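Down below is the structure, laid out as structure tokens.
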Amino acid sequence: MFDTQKPALILLRKIAEDAAVRAFIEAAEEDELQSYARALAALLQAGMQQNFAGYLAQKICRDDNLFARTAYTGEVGEDLRAAFAHDLKVLQALAERADELPAGIAAAVREGFPRIGKGEAGAPFGKDWSSPETVDALAAYFRQHGFGKFIDNRAFYFEGGQLVPVRNAPAVTLADLKDYEEEKRIVEDNIVSFVRGLPYSDMLLYGDKGTGKSSTVHAMLNKYAPQGLRAAELTKEKVGQINEVKELLASLPFRFLLFIDDLSLEERDEKVTALKAGLEGSMHEKSANVMIVATSNRRHIVKENFSDRDNSVHARDTMEEQLSLSDRFGLTVCFSSTGKKEYLSIIRQLAADDKIEMDDERLCALAERWALVKGGRSPRRARQFIDYLFSCQAKGTEILI
């Protein structure tokens, strides 16, 4: 019997807490139609009402447990395999209960109450979920894809001491980012070293707004995620928690970009001290699996005021203190502003990608007018213009700039 209060699961206990699974267990054990209805409602929401075995298989593949974590990082011992196989056997037996309804629920189904279908688990599950072959196949699955929330998500943010998935992370690729080839090469070279476990540097990407600093980070993440790269964003308001985040990330078997976007601080901001310590110079060692990547419109991050120098007895010391933060990044990359030639080059490439058919002279004239109206030239402005142009042509509407 599957005990509803203390399910006989060792490693996969969280699966019994799932709403659909919990309600199904209660229905099967208590012959309770209301519980069966709750299970059906949850499965309907997931689109799995006719495949309870497949639903359980998905939960197993996405569960964060000791077997999955160990399989991702190396070989799984026999005791751990045995515990995991036991849980698989229990959950397969639960799936079989979809075809073995208790009397009361079976009577309601005969009278027309919708039924939960057993379905099939599919790959990598075999006919016998607890067989050595299935356990091997699942170990290989976790080794390739990771475990838990890290399977379907590559970007996270820090909230309440936990990593929370970013559900709509940018899907940008390096091919989407036009020009700035040398800047991208420098960034990618450093990230390749990081992913391969070689010496690497924390990075500061600085330059004018809209030049592609953040997009470059997102594109690198998307390219190297299959090799175990993940990103955790830390807002500048939470920079004071940087060492707490680093400790959390260091405990995980992935390589993380600790991403701080649009960073700028005032001289007397206490977060300056925290970030300095996070980069270098505190008791917290540099983690082999955490690279700090910050973007900023300022080369030196900390806002400089002439009044700070005029009012200081030791003006040079004040300047050095303000500049010392950016100096702690091992690698700084400048994304310079876009001139007319570079701007129009990006426009032409993006137009070609989107198959926009327009005379080059008119295309460039419209792009220049767009930049004038929108307040300047940049890769971001170019992308916005091409998106607008594409929509106008798709709808057959007039281009109004």
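Taking each pair of distinct Cα atoms in the stretch 49-107 once, what is the resulting Kirkwood hydrodynamic radius in Å?
About 13.2 Å for the stretch 49-107.
Given the options Ala365, Ala250, Ser345, identify the residue whose Cα lies farthest towards the positive end of the charge dipole of the chain (+1 on Cβ of Lys, Arg; -1 on Cβ of Asp, Glu).
My answer, from the dipole projection, is Ala365.
Given an 8 Å cut-off on Cα distances and at least 6 residues of separation, report the relative contact order of the stretch 18-106 as a percent.
34
Would you work out the charge dipole size for the chain about its Cα centre, treating the Cβ of every Lys and Arg as +1 and the Cβ of every Asp and Glu as -1, and quote it to the nearest 20 debye?
So the magnitude is around 740 debye.
Arg230's amide H: which non-local residues (gap 5+, or another chain) put their own amide H closer than 5 Å, with H modeled 1.01 Å from N in plane and none for Pro or chain starts?
Answer set, sorted by chain and number: Arg255, Phe256, Leu257.
May I ask you to evaluate 6.51 cos²θ - 1.76 cosθ + 1.60, the Karplus curve with θ = phi - 60°, for each residue of the stretch 329-335 and list the ³J(HN,Hα) values in order in whole Hz, giving x for glycine and proline?
Rounded to whole hertz, the list is 6, x, 9, 10, 10, 8, 9.
Please pull out the direction-averaged projected area of the stretch 90-218, using the convex hull of its alpha-carbon atoms, in nm² to one decimal place.
14.7
Can you tell me the equivalent ellipsoid semi-axes for the chain? Use √(5λ) from the Cα gyration tensor, largest first, whole Å.
50, 30, 19
Put +1 on the Cβ of every Lys and Arg and -1 on every Asp and Glu Cβ in the stretch 163-217; which of Ile191, Ser201, Val172 then has its Cα farthest towards the positive end of the dipole?
So the residue we want is Val172.
In units of 2.2 N^0.38 Å, what is the alpha-carbon radius of gyration of the stretch 16-124?
That works out to 1.17 for the stretch 16-124.
Take the alpha-carbon centre of the stretch 166-216, take the same for the stretch 324-380, and report the distance between them in whole Å.
17
Per residue, how much accessible area does the chain have with a 1.4 Å probe, in Å²?
Roughly 51 Å² per residue, with all protein chains present.
With N set to the residue count of the stretch 66-165, report its C-alpha Rg divided by 2.2 N^0.38 Å to two decimal places.
Rg over 2.2 N^0.38 Å, computed on Cα atoms: 1.42.
How much of the calculated P(r) for the stretch 192-267 lies past 13 Å, in percent of all Cα pairs?
71
Highest first, please rank the peptides 180-189, 86-95 by the mean number of other Cβ atoms sitting within 10 Å of their residues.
86-95, 180-189
For the chain, which DSSP H helices look membrane-span-like by this rule: Cα extent along the axis of 18 Å or more and mean Kyte-Doolittle of at least -0.5?
Helix filter hits for the chain: 33-46, 78-96, 132-145, 181-195, 340-353, 360-374.
Below 8 Å, C-alpha to C-alpha, sequence gap of six or more: please give me the relative contact order for the chain in percent.
Relative contact order, the chain: 13 percent.
Whenever you get a sec, compute what percent of the accessible area on the chain sits on carbon and sulfur atoms (1.4 Å probe).
With neighbouring chains kept in place, the figure for the chain is 48 percent.
The values are calculated or read from the model by the stated rules, or taken from the named source; none is laboratory data. Predicted model, so just to flag it, every value in this text is computed and none were measured. All Cβ positions, glycine included, derive from the backbone under ideal geometry; neighbour counts span all protein chains shown. Side chains included, ligands, DNA and RNA excluded: accessible areas come from the protein's heavy atoms. Shrake-Rupley method; radii C 1.70, N 1.55, O 1.52, S 1.80 Å.
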